[in-house]
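What follows is a short report on a single structure.
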Amino acid sequence: FDVHLITEVDWICDYLEHHYGRKTHLAYNGIDKSIYRPDGPAIAPRDPERPRVLIEGSMGVPLKNTERTIALCNYAGADDIWLMTPTPVDHVDGVDRVFSRITQAQTAEVYRSCDILVKLSYVEGMFGPPLEMLHCGGTAICYKVTGHDLYLTHDHNALLADIDDEIEVVRSIQRLLTDGSLRERLVRNGL
């Protein structure tokens, strides 16, 4: 169809031009800083001696890789794991607390309660959860998935791993669980 196209990231613009010869307008995503900020209500206080891990993603969607992320967090020794998901569930094995289908304001309360977001999707446009987590005073571990380079820099504001490098993901989780100064530096740079 002869319609104008708008997308949120450079890689989609490049893809549409390369594969379909279509010029696409670019409009980067923003973030509502009145909601996503380090101060504000939280579900539970953070404890620097016991960092809390958050996993975000749909259940049963292979590209989101949520079930495997839960398994890797458990394998790495995380002992307080929360899940935030749009999937209507109230219990998931390997997770201490589940937040299902919550409001945008509630997501910020969950982020402010957690220290580390582990998001291991296989494809994203511009994925929002790590950006939201950084704004709420946490850090993230992510695959170097499409769109990560818009705002994530390895060992500056997050830890990144090549896709399917599970050894590096486990190592990164363990580093952030045990190294408070690394967590603090990544959080500071993320803010």
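The values are calculated or read from the model by the stated rules, or taken from the named source; none is laboratory data. The model shown is predicted, which means the values in this text are computed figures rather than measured ones. Backbone-built Cβ (ideal geometry, glycine too); neighbour counts: all protein chains shown. Ligands, DNA and RNA are stripped out before the accessible areas are found, and what is left, the full protein with its side chains, is counted by its heavy atoms. Shrake-Rupley method; radii C 1.70, N 1.55, O 1.52, S 1.80 Å.
Based on this model, can you work out whether Glu17 counts as part of a loop (DSSP other than H, G, I, E, B), charged (D, E, K, R) and open to solvent by 80 Å² or more (accessible area, probe 1.4 Å)?
Working: part of a loop (DSSP other than H, G, I, E, B): no; charged (D, E, K, R): yes; open to solvent by 80 Å² or more (accessible area, probe 1.4 Å): yes.
Judged against the criteria, Glu17 is not a match.
Filtered by the rule that a residue be out of contact with any His (no Cβ under 9 Å at 6 or more places or on another chain), among the aliphatic types (A, V, I, L, M) and over 16 Å from Asp162 (Cα atoms), the stretch 94-125 gives Val95, Ile102, Ala105, Val110, Ile116, Leu117. Condition test on Glu109, is it open to solvent by 10 Å² or more (accessible area, probe 1.4 Å), farther than 15 Å from Leu176 by Cβ, assigned to a helix (DSSP H, G or I) and free of Cβ contacts under 8 Å to residues at least 40 places away in the same chain? Taking the combined requirement at face value, the residue does not satisfy it.
Quick check on the stretch 122-146: of everything there that is part of a loop (DSSP other than H, G, I, E, B) and either crowded, with 24+ Cβ neighbours inside 10 Å or among the hydrophobic types (A, V, I, L, M, F, W, C) (or both), which residue is modelled with the lowest pLDDT? Among those residues, the one meeting the criterion is Met126.
Of the residues making up the stretch 20-37, those that are in a loop (DSSP other than H, G, I, E, B), exposed (fewer than 15 other Cβ atoms within 10 Å of the Cβ) and not small (Gly, Ala, Ser) are Arg22, Lys23, Tyr28, Asn29, Ile31, Asp32, Lys33. Contact map, the stretch 20-49: residues that are within 19 Å of Leu131 (Cα to Cα) paired with residues that are assigned to a loop (DSSP other than H, G, I, E, B) and open to solvent by 70 Å² or more (accessible area, probe 1.4 Å), Cβ distance under 7 Å, separation 6+ or inter-chain. Pairs shown: Pro38/Leu191.
Filtering the stretch 93-106 to residues that are in contact (Cβ under 8 Å) with a residue 60 or more places away in the chain and within 16 Å of the chain's Cα centre (by Cα) leaves only Gln104. Against the conditions (1) in contact with a Leu (Cβ under 9 Å, 6 or more places away or on another chain); (2) under 24 Å from Pro88 (Cα atoms), His135 satisfies every one except (2).
For the stretch 54-92, filtered to residues that are touching a residue at least 40 places away in the same chain (Cβ under 8 Å) and over 21 Å from Glu132 (Cα atoms), the residue that is most open to solvent (accessible area, probe 1.4 Å) is Tyr75.
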